[in-house]
Amino acid sequence: METARIVVSGPGTRPGAPPRTWTGTVGLRVGRLTDLEVVLDDDSVSRLHAELVPADDGWMLRDLGSSNGTFLNGTRIGRTGRAVRKGDTVLFGRVLFRVEVAYHQPAVRIHASGQMVRVESTAERTWDEALAGLDPTDDQWDRHGRSLLRIMRGGTQLAHATSLDEGLRDVLADAVRTFSAQRGGVFLLDRPNGDLVARCTAGRDGTPAARPPSRTLAARALKGGKSLLFTDSHDDPAMTSESIAGGAMASIICAVLRSPDAPLGVLHLDRGPMDPPFTQADLYLADSLAAAIALGAERHQLVERQNEQILQTVTALAQAVELRDRYTGGHTDRVTRYALILADELRLPAADRKLLGIATPLHDIGKIAVDDGVLRKPGRLTDAEFGQMKTHVLSGVDILEMIPALSWALPVVRSHHEKWNGSGYPDGLRGESIPLVARVVAVADAFDAMTSDRPYRKGMAADEAFAELEANAGTHFDPRCVAAFVAAREKVEALLGREAKMSHHTELATHTISARELEEHRRSGASPLG
C-alpha cells in the first residue's frame, strides 16, 4: 500500500488571518495559475513557480524556472530539486511556508512461497521512540509486563546517561522500587585485579544505602556465572557475612551483569526479615534487568576506552610537535595547565574543562607543517617568516579534519590566535564570536610565551607578564578571561615556580628527585620533567 502525504502551512488569505494549510498525496504545484494545487496571489510568485513531488525516500521540492526563486531553509534551489523534511521552511518569492508533515512509503511487493505479496506497513522507530509509545498503565499490561517495560527502559536510560555512575544510580534506584527491595547495589569487576567494586548503592527511598551490601554473595554469583536467589540466607552455611548473620537480609537476589564477551559485575537486591521473600519470577526479571544493565555499562566502558585511545593520540601528536621545536619544550603541557586553572576560575562547565584538557595540547599541532628553518630559527622571525608561522593554525585544522574523533578540538586549534578586537588570525573573529575555549587558551598561551626563555631573550617575570595581559585586556584578550587569570595568580605562580625549579635541576643534571617530591608533583598535576 503506497502511503504519501505532505502538509504545508502558509499565509492566510487576508492580513491577520490564520495560516492556511495545503495537503497533498501525489504532489503540490505552486504558483499564481488558478488550476494549481497551491494558488498564491502575490506578485513575487511566478505563474508556475515550483512543485513538491513524492520521491523514493520522502518528498522533493523543485523550482520550475521562477523569476524570484525558491528557497529551502534559506538556500536557493533549482530544477534538480532538494529533499524536504518536517519542520523545513520554504520561501516562494516572498511567501514563506513551513512543512508540517512529510512522509512517503512506496508500495513494496515481494515473492513469498510462489505468491506475490505486498508490504502494507513498515516501522522504523528508534529504540527510544518505541519505548515512548508503550503505555505501562494500559489495561493490556499485567504486572510482569509493566516490570519488563521498566527493565527495557532501564537499559536505554543507562545507555544514554552522561556518565556510567550517574546512569547506574538512576537505574538502581528504580530497580529497588520495582522489586520492593530494602536495598540494592551494583558491583562492577575491576579488570586489572579481578576484584568486585561497589559502584553505587540505594535504599528504599532511592538515596545511597547507609550500609553497602556485602560482596560475599555477589562474588559467589559472579564466580559461577549464574544469577542466584536466596529465599532464606540463614539456611546456607556458606553465607557467613556479618550483614547476613545479623539478620539484616532474609531474601537476596544477585543477578550477574552478563555481556556477550564476559561478565561485568553483579546487581544485588535484598529484602528484610519482615518482607515477603523474592520469588523465582523476581529472579527472572532481575536477571533480565542485569542483562540490560550490562549492555549499557559495556557501552560506557567502550566509550571510556575510546577516550583513553584519543588521549594517547593527543599525547603522541603533542610530543611530535615539541620534538621538532627544541625551544618550546614543555610549552603545551604548561599551557594546558594554565588553561585548566583559568577554566576553574571561570567555573566553566565540566564539558568545557574536559575539552580544554584534551584540545589544548593540540593547539600548535599545525607546526608540524612549518619549515624547520622557520620553526627552529634561534632569532626573531622576519615578516615573511612570521607569515609562514601563522599558517600553522590552518595546517592544524587540516590535520584534525582527517581525524573525525578529534573534530571537537577544532575551535581551540583554529581560533586561539584570534584577538578580542578582531585583529587576530585566521578569521579575524571579534569578541564573543571567538569560541570561549579559544579565548581561554589565548590567555594561557600568551602568558607561557612571555614567561619562557628564548635564545634571543630572557623570559619575563610573572609581574611583568600579568601586567602585559591586563594592558591588552579588551584589545588582544577577553577582559573576563584576563580578570579571572589574574584572580588565580597564586595558583599560576605556584605552577610557574615548580616548573622553573624542575627545569633548573634538569639543566644541571645534579638533582635526584625524591619520592616525596614526585608525590607532590603527582598531586599538583605538574610533570616532574617540566
Worksheet item: Would segment 274-296 turn up any residue that is under 15 Å from the mean Cα position of the chain (by Cα), free of Cβ contacts under 8 Å to residues at least 60 places away in the same chain and assigned to a helix (DSSP H, G or I)?
Response: no
Item to complete: Filter segment 482-496 for residues that are under 15 Å from GLU468 (Cα atoms), without any contact (Cβ under 8 Å) to a residue 60 or more places away in the chain and of a type outside the set (A, V, I, L, M) and give the result.
Response: ARG489
Item to complete: Could you look through segment 17-68, keep only residues that are among the small types (Gly, Ala, Ser) and within 39 Å of the chain's Cα centre (by Cα), and pick out the one that is farthest from LEU96 (Cα to Cα)?
Response: ALA55
Discussion item. Can you tell me which residue is farthest from ASP398 (Cα to Cα) among those in segment 357-371 that are in contact with a His (Cβ under 6 Å, 6 or more places away or on another chain) and not in a loop (DSSP other than H, G, I, E, B)?
Written reply: LYS367
Item to complete: Kindly provide the set of residues from segment 428-481 that are touching a Ser or Thr at 6+ places or on another chain (Cβ under 7 Å), in contact (Cβ under 8 Å) with a residue 12 or more places away in the chain and open to solvent by 30 Å² or more (accessible area, probe 1.4 Å), ordered by number.
Response: LEU429, PRO435
Practice prompt. Could you please let me know if ASP398 is open to solvent by 30 Å² or more (accessible area, probe 1.4 Å), free of Cβ contacts under 8 Å to residues at least 40 places away in the same chain and closer than 26 Å to ASN307 by Cβ?
Written response: yes
Item to complete: Filter segment 69-86 for residues that are part of a loop (DSSP other than H, G, I, E, B) and either farther than 19 Å from ARG98 by Cβ or open to solvent by 80 Å² or more (accessible area, probe 1.4 Å) (or both) and give the result.
Response: ASN73, GLY78, ARG79, THR80, ARG85, LYS86
Worksheet item: Restricting segment 429-451 to residues that are small (Gly, Ala, Ser) and more than 24 Å from GLY330 (Cα to Cα), which is nearest to the chain's Cα centre (by Cα)?
Response: SER433
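The values are calculated or read from the model by the stated rules, or taken from the named source; none is laboratory data. Quick caveat: nothing in here was measured; it's all calculated off a predicted structure. All Cβ positions, glycine included, derive from the backbone under ideal geometry; neighbour counts span all protein chains shown. For accessibility, only protein heavy atoms count, side chains too; no ligands or nucleic acids. Shrake-Rupley method; radii C 1.70, N 1.55, O 1.52, S 1.80 Å.
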